[in-house]
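What follows is a short report on a single structure.
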Amino acid sequence: MRTDIPQTIYRKDYLPPAYLVETVELGFDLDPARTIVASRLTMTRNPASKQKHIELYGGELELVALRLNGRALTRRDYEINGHLMRIPNAPDEVVLEIETIISPEKNTTLNGLYVSNGNFFTQCEAEGFRNMTWFPDRPDVMARYTVMLRADKQKYPVLLSNGNLVEEGELPDGRHYAKWEDPFKKPSYLFALVAARLVCQEETFRLADGRDVLLQVWVEEGNLDKTDYAMQSLKNSIRWDEERWGLELDLDRFMIVAVGDFNMGAMENKGLNIFNTKFVLANPRVATDIDYAGIEAVVGHEYFHNWTGNRVTCRDWFQLSLKEGLTVFRDQEFSADMIGTDSGRAVTRIDQVRTLRQAQFPEDAGPMSHPVRPDSFVEINNFYTVTVYEKGAEVVRMYQTLLGREGFRKGMDLYFQRHDEQAVTCDDFRAAMADANGRDLAQFERWYSQAGTPVVKAETRYDPVKKSFEITLSQSCPATPGQPKKQPFHIPVAVGLLGAKGNDLPLTVNGKTVGSTTMVLELTKARQTFKFDGVLEEPVPSLLRDFSAPVVLDYAYTDDQLIHLFNHDSDAVNRWEAGQRLAMSRLLRLTKAVSEGGTLVLDETFIEAMRKVLLDESLDAAFREVALLLPSETLIAEQSEVVDPQAIHMARQFMRSAIGRKLQKDLIAQINANQTPGEYSPDAIAAGKRGLKNLCLAYLAAAFLNLDLAERQFDKATNMTDRFSALTSLVHGESSEAERALDTFYKDFEGEALVIDKWFALQASAPRTDVHKVRELMQHKAFNIRNPNRARSLLFSFCNGNPAQFDAPDGSGYAFWTEQVLALDKLNPQVAARLARALDRWRRYMPEQQDRMRSALEQVSASGKLSNDVREVVTKALA
Ligand code: 0A1
Ligand code: ZN
C-alpha cells in the first residue's frame with residue numbers, strides 16, 4: 001500500500017503505446033506460497049506512436065530475471081518508478097523474457113492471482129495482470145497468448161486458461177501440466193487461469209452455422225446440483241446473440257467457473273468466464289426468483305461481452321462504458337426477450353428505471369458524479385459504477401429509440417465491420433451509429449461528456465377552439481464537480497395523449513397523422529415547443545413513455561391526472577410511474593408530518609387506487625407487484641429537501657401498515673389466489689405470482705396482521721423464494737416466532753454460503769437491528785470479513801440498506817462505518833472503497849448530522865495508510 005499522494009490520470013493525456021505485443025507466452029508454476037511466473041513477449045515498435053521507450057507496469061512483484069533479445073538486463077538498463085518500468089533505447093523488434101515470483105495465498109485483494117478455498121483463480125480487469133508480471137498492461141495492447149500451467153495434480157486436478165486446450169500431461173513430483181492457446185488477440189485484462197479441484201456440468205451445443213461447441217460450468221463438488229440454470233442461460237444467450245444480432249461464438253469451447261471469493265459479479269475473460277458463485281449456483285431449495293433472474297442476466301452479460309468488449313475492446317479505461325453500457329443494454333434486452341410478453345418486458349423496464357433512480361441518480365448528484373465517459377480518475381476500480389454501467393446502457397438505448405430497432409442494428413453491424421479485433425472509443429461507436437444511418441449525432445456526444453441528471457420541465461396548453469395541444473419542454477442540468485455549466489442534451493422524449501376514457505388519442509403533427517399513438521419528440525435546445533393538432537378533447541399527456549431518456553421529468557400533474565394514467569395508460573412504465581408519483585407526494589407529506597410532530601393520515605383516494613390495481617385481474621401479477629411497491633427510503637431521501645432518515649422510515653412504515661390494515665381482506669384473498677403449487681419454475685408468470693403474494697404478506701406483516709400466514713408459509717415452503725419471504729415478514733413483523741425461524745433457517749442452510757448471506761442480510765436490514773446487533777453478528781462464527789459476499793451481506797446491508805439505524809442520531813453508525821472501512825481497506829481496497837461510498841450524500845442531512853458524517857469521513861481520510869481506492873472516495877466526498 002502506498003502512502004504517497006495518489007496521481008490523477010486524465011483522458012486527454014492518452015498516448016498510443018510505444019510498442020505493440022504480437023505474442024505472449026506465459027508459464028505458471030503454481031504454488032500458493034511461491035508461484036513462478038515466466039513470460040516471453042515478442043514486441044515491435046508501434047509506428048503510430050511517438051514514444052520511444054518500452055513501458056511495463058508491475059505491482060508488488062519479486063523480479064528474478066529480465067532479458068531483452070537474450071541479454072540479461074541490469075539495473076542500469078531500465079528505470080523503475082513506482083509501478084512503472086521504462087526500458088530505454090530498445091531496438092524495433094524485441095523479445096522480452098521476464099520471471100517474477102508472487103505469493104497468491106497472501107493476496108487478499110482478490111485482484112491478480114489469488115487463492116480461494118484452496119483453489120487458484122485470477123481477476124485481471126482492470127489492472128490485475130500487473131500483479132503477476134511486468135507487462136504493458138493497458139487495453140490497447142492486444143496480443144496472442146499461449147499459456148503453460150503447472151501444478152500439483154492431486155490438489156489441482158483441473159487446469160484452465162483462455163482459448164483451446166492443446167496439450168496436457170504428467171510431470172515429475174506428482175505435478176501435471178496443461179497448455180492452452182487463445183486464437184484471438186486480446187488485452188491482458190481478459191487473461192484468466194484456474195487451477196483447482198472442481199467438477200463440471202458439460203454439454204455439446206450446436207451453433208447456427210452447424211459447428212459443435214463444448215460448454216462447461218465448473219463448480220465445487222457439492223454444488224453440481226446447482227448448475228442447470230446457468231447452463232440453460234448460457235445456451236439461451238448463445239442462441240439469442242445469433243438471432244438478434246447475428247453474432248456467433250468464435251471458440252470451440254466456452255467455460256464458466258464459479259468462485260466463492262470474488263469482488264464483483266463476474267468477469268468476461270475470453271472463453272473462461274469467472275463468476276461469483278452468487279451468479280451461477282441455483283436450485284429451488286436455495287435460490288430465489290431474484291437469484292434466478294440475476295443468473296440469467298449475468299450469464300448473458302458475460303457471454304455478450306465476447307463481442308462487445310472482447311472482439312471489440314476499449315482503447316483506454318475512460319472508454320469503459322463502450323463495453324459496459326452496451327453490454328448491459330444487451331443483457332437487458334436479452335432478459336426482456338426471454339420473458340417474451342409485452343407486459344413482462346415492461347416489468348423488466350420498470351426494474352431498470354428503479355435501479356437507475358435508486359442508485360445512479362444519487363451518484364450523479366453526489367461527490368463521485370462523473371460522465372458516462374469520465375475525464376479523469378485516480379483509481380479505475382472506483383469507476384465500475386452505476387453511471388458507467390446503467391446510465392451507459394440508457395445512452396445506448398437512446399440510440400435505439402432515436403434510430404429505431406433496424407437503424408440501431410445497422411449501426412451495430414457497421415461497428416463490428418469497422419472495429420473487429422480493435423481497441424476503440426465511445427466516439428467510434430457513435431460514428432458507426434451516425435454513419436450507418438446518415439444521421440448527425442454530434443450533439444449526442446454530450447451524453448458521454450457531461451455528468452449530472454438532466455431535468456426536463458414540461459408545460460402544456462390545450463386550445464379548445466383550435467383543437468391543438470402544445471407541449472413546451474425545457475431542459476437544464478445541475479452543476480457537477482468540475483462542470484459548472486452544461487450544454488443542452490439531445491433528448492428523446494416519447495409522448496402519448498390520453499383521452500377521457502383512458503384511450504390513446506391519435507397524434508397529428510403539421511397536418512400529418514403519426515403512425516403510432518406514441519411519438520418521440522427530439523429535444524435538442526434549451527426550450528422547444530411541440531404542437532399536436534386535431535386534438536378533439538383536452539388530453540392527459542403521458543410523458544417520457546418507456547422512460548425514453550435518463551432524466552427527471554418535471555410536470556405539474558394533478559392527482560386526478562395521475563389516477564387517470566395509473567388506471568389507463570397503455571404505456572406500462574408510465575402507468576407504474578403515475579402510481580409512484582401518487583405515493584411519493586404522500587410519503588413526502590407524511591415525512592414532514594413526522595418531523596414536525598403532526599398527525600399522520602393517508603387519504604382514501606390513494607388507498608382505493610392501490611386496491612384497484614391489486615384486484616385488477618387483467619394485469620399480470622408481476623406488474624401489480626411493482627405497481628404496489630412503494631418508493632424506497634433512499635428514494636424518498638433523494639426527494640427530500642433535508643434528509644431526516646428516522647422520519648422517512650416512520651412515514652413509509654406508516655403507509656405500509658395503513659395499506660396492510662385497509663386492504664387486509666383483499667391482501668389475504670390475493671395471497672390465496674396467487675399460490676404456485678406443483679413443481680417450482682422460475683419463469684416470469686410464476687415468479688410474478690410469488691412476488692405479488694409475498695408483497696401482500698409483507699404488507700400484512702407491516703400492520704402486524706395475520707402473521708400466522710407467514711409462519712405457515714415459512715414451515716411449508718418448498719422453495720427459497722417463499723421461505724425467505726416468509727422469514728422476512730416474520731422478522732419485519734416482529735413476530736414472536738422470528739427468532740425461532742431465524743435459528744431454524746440457519747441450521748437448515750448452514751452449509752450453503754449464499755443462503756447464509758441472505759440470513760445475515762435480512763438481519764442487517766431489519767428495522768430493529770442497531771449497530772450493537774450488527775457487531776454481535778460480526779462475532780458469529782459464520783461471519784468472515786475477507787469474503788466479499790459475506791461482508792456485503794452484513795456490513796453493506798446495514799450501512800446502505802438500513803438508513804434509520806445506520807444514521808442513528810448518536811453517530812454510532814458512522815463510527816462503525818469508519819472502523820469497517822479501515823479494516824476492509826487493509827485486506828481488500830476495492831470492497832472497502834465501495835463501503836466508503838455509503839456517506840456520499842452527507843451534505844443533504846441536517847446540520848448536526850452532517851457534522852457527524854463529516855467527522856467520520858475526516859477520520860478515514862486522516863488515516864495515513866489508505867489505499868488509492870478509499871483515498872479517492874473520501875477525498876472527493878470532503879471536497
Ligand atoms: N467486466 C466485468 C466486471 C468486473 C470488473 C472488475 C472486476 O474486478 C475488479 C471484476 C469484474 C463485468 O462487467 O461483468
Ligand atoms: Zn460487463
Would region 285-296 turn up any residue that is over 14 Å from the mean Cα position of the chain (by Cα) and within 16 Å of ligand 1 (Cβ to nearest atom)? no
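Residues are listed down the side, and each one gets a yes or a no for (1) under 29 Å from ALA196 (Cβ atoms); (2) touching a strand residue (DSSP E or B) at 6+ places or on another chain (Cβ under 9 Å); (3) among the polar types (S, T, N, Q):
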residue: PRO32; (1), (2), (3): yes, yes, no
residue: ALA38; (1), (2), (3): yes, yes, no
residue: THR44; (1), (2), (3): no, yes, yes
residue: ARG71; (1), (2), (3): no, no, no
residue: ARG75; (1), (2), (3): no, no, no
residue: ASN81; (1), (2), (3): no, no, yes
residue: PRO91; (1), (2), (3): no, yes, no
residue: VAL94; (1), (2), (3): no, yes, no
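Anything in region 593-612 that is in a helix (DSSP H, G or I) and without any contact (Cβ under 8 Å) to a residue 24 or more places away in the chain? List them, or say none. Explain how you work it out, then say what you get.
Narrowing region 593-612 to residues in a helix (DSSP H, G or I): 593-595, 604-612.
Within region 593-612, GLU604, GLU608 qualify.
Is there a residue in region 839-850 that is buried (at least 24 other Cβ atoms within 10 Å of the Cβ) and in contact (Cβ under 8 Å) with a residue 24 or more places away in the chain?
Residues of region 839-850 buried (at least 24 other Cβ atoms within 10 Å of the Cβ): 839.
From what's left, in contact (Cβ under 8 Å) with a residue 24 or more places away in the chain: 839.
Within region 839-850 (the criterion being buried (at least 24 other Cβ atoms within 10 Å of the Cβ) and in contact (Cβ under 8 Å) with a residue 24 or more places away in the chain), the answer is yes, since at least one residue qualifies.
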The correct count of residues that are part of a helix (DSSP H, G or I), more than 17 Å from the chain's Cα centre (by Cα) and over 14 Å from GLU638 (Cα atoms) in region 826-844 is 5
Pair list, Cβ under 6 Å, 6 or more apart: region 247-266 residue in contact (Cβ under 8 Å) with a residue 60 or more places away in the chain and hydrophobic (A, V, I, L, M, F, W, C), other residue surrounded by 21 or more Cβ atoms within 10 Å (Cβ to Cβ) and in a loop (DSSP other than H, G, I, E, B): LEU247/TRP307; LEU251/GLY271
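Does region 640-660 hold any residues that are surrounded by fewer than 16 Cβ atoms within 10 Å (Cβ to Cβ) and either in contact (Cβ under 8 Å) with a residue 12 or more places away in the chain or β-branched (Val, Ile, Thr) (or both), and which are they? Write out each step before concluding.
Applying the first criterion (surrounded by fewer than 16 Cβ atoms within 10 Å (Cβ to Cβ)) to region 640-660 yields 641-642.
Passing the criteria: only VAL642.
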Assuming SER542 fulfils every condition listed in (1) within 28 Å of ARG405 (Cβ to Cβ); (2) crowded, with 16+ Cβ neighbours inside 10 Å; (3) out of contact with any helix residue (DSSP H, G or I) (no Cβ under 8 Å at 6 or more places or on another chain) apart from one, which condition is it? (3)
Go through (1) outside any strand (DSSP E or B); (2) within 15 Å of ligand 2 (Cβ to nearest atom); (3) not aromatic (Phe, Trp, Tyr) and name the single condition LYS235 misses. (2)
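Just for helices (runs of 4 or more DSSP H) wholly inside region 297-390: which have at least 3 residues that are within 15 Å of ligand 1 (Cβ to nearest atom) and in contact (Cβ under 8 Å) with a residue 24 or more places away in the chain?
320-339
Yes or no, residue by residue, for (1) under 25 Å from GLU577 (Cα atoms); (2) buried (at least 21 other Cβ atoms within 10 Å of the Cβ):
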position: MET264; (1), (2): no, no
position: THR288; (1), (2): no, yes
position: GLY309; (1), (2): no, yes
position: CYS314; (1), (2): no, yes
position: PHE318; (1), (2): no, yes
position: GLU333; (1), (2): yes, yes
position: GLY344; (1), (2): yes, yes
Please verify whether LYS270 is within 15 Å of ligand 1 (Cβ to nearest atom) and not in a helix (DSSP H, G or I), treating the condition exactly as stated. yes
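Residue by residue through region 776-817, note down the ones that are assigned to a helix (DSSP H, G or I) and among the aliphatic types (A, V, I, L, M). Give the derivation first.
Residues of region 776-817 assigned to a helix (DSSP H, G or I): 776-778, 788-801, 803-806, 812-817.
The answer is LEU777, MET778, ALA791, LEU794, LEU795, ALA804, ALA815.
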Could you go through region 447-454 and let me know if any residue there is surrounded by fewer than 15 Cβ atoms within 10 Å (Cβ to Cβ) and either farther than 25 Å from ASN567 by Cα or modelled with pLDDT of 95 or more (or both). no
Mind checking which strands (runs of 3 or more DSSP E) fall wholly inside region 1-82 and carry at least 2 residues that are surrounded by 13 or more Cβ atoms within 10 Å (Cβ to Cβ)? 19-29, 35-45, 54-57, 62-68
Given (1) surrounded by fewer than 21 Cβ atoms within 10 Å (Cβ to Cβ); (2) over 20 Å from HIS301 (Cβ atoms); (3) touching a helix residue (DSSP H, G or I) at 6+ places or on another chain (Cβ under 7 Å), identify the lone condition not met by GLN443. (3)
Pair list, Cβ under 6 Å, 6 or more apart: region 209-223 residue without any contact (Cβ under 8 Å) to a residue 40 or more places away in the chain and closer than 20 Å to GLY118 by Cβ, other residue assigned to a strand (DSSP E or B) and hydrophobic (A, V, I, L, M, F, W, C): GLU221/VAL199
I'd like to verify a number: residues in region 83-107 that are among the hydroxyl-bearing types (Ser, Thr, Tyr) and surrounded by fewer than 17 Cβ atoms within 10 Å (Cβ to Cβ), how many? 1
Can you tell me which residue among VAL166, VAL158, VAL199 is over 30 Å from LEU320 (Cα atoms) and touching a helix residue (DSSP H, G or I) at 6+ places or on another chain (Cβ under 6 Å)? VAL199
Considering each residue of region 202-227, count those that are within 23 Å of ASP152 (Cα to Cα) and touching a Ser or Thr at 6+ places or on another chain (Cβ under 7 Å), and give that number. 2
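Only one residue in LYS826, LYS865, LYS781 is more than 25 Å from THR8 (Cβ to Cβ) and surrounded by fewer than 19 Cβ atoms within 10 Å (Cβ to Cβ). Which one?
LYS781
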Do any residues in region 749-774 that are among the β-branched types (Val, Ile, Thr) have Cβ atoms under 7 Å from those of residues that are in a helix (DSSP H, G or I) and surrounded by fewer than 19 Cβ atoms within 10 Å (Cβ to Cβ), where the two are at least six apart or on different chains, and which pairs are they? VAL771/SER812
Just one listed residue, out of GLY404, GLY366, GLY411, is at pLDDT 95 or above, out of contact with any Asp or Glu (no Cβ under 7 Å at 6 or more places or on another chain) and either among the acidic types (Asp, Glu) or surrounded by 19 or more Cβ atoms within 10 Å (Cβ to Cβ) (or both), and it is GLY411
Among the strands (runs of 3 or more DSSP E) contained in region 109-174, which hold 3 or more residues that are touching a Leu at 6+ places or on another chain (Cβ under 7 Å)? 119-123, 142-152, 158-161
Lone qualifier among SER343, SER376, SER335, SER369 - being within 18 Å of the chain's Cα centre (by Cα), of a type in the set (Gly, Ala, Ser), more than 16 Å from ligand 2 (Cβ to nearest atom) and on the phi < 0 side of the Ramachandran plot: SER369
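From the list LEU251, LEU281, LEU234, exactly one residue is more than 16 Å from ligand 1 (Cβ to nearest atom) and buried (at least 21 other Cβ atoms within 10 Å of the Cβ). Which is it? Before the answer, list the steps.
Values: LEU251 fails: buried (at least 21 other Cβ atoms within 10 Å of the Cβ); LEU234 fails: more than 16 Å from ligand 1 (Cβ to nearest atom).
From the options LEU251, LEU281, LEU234, the qualifying one is LEU281.
The values are calculated or read from the model by the stated rules, or taken from the named source; none is laboratory data. On a predicted model such as this, the values are computed, not experimentally measured, just so you know. Virtual Cβ from ideal backbone geometry, glycine too; neighbours counted across all protein chains shown.
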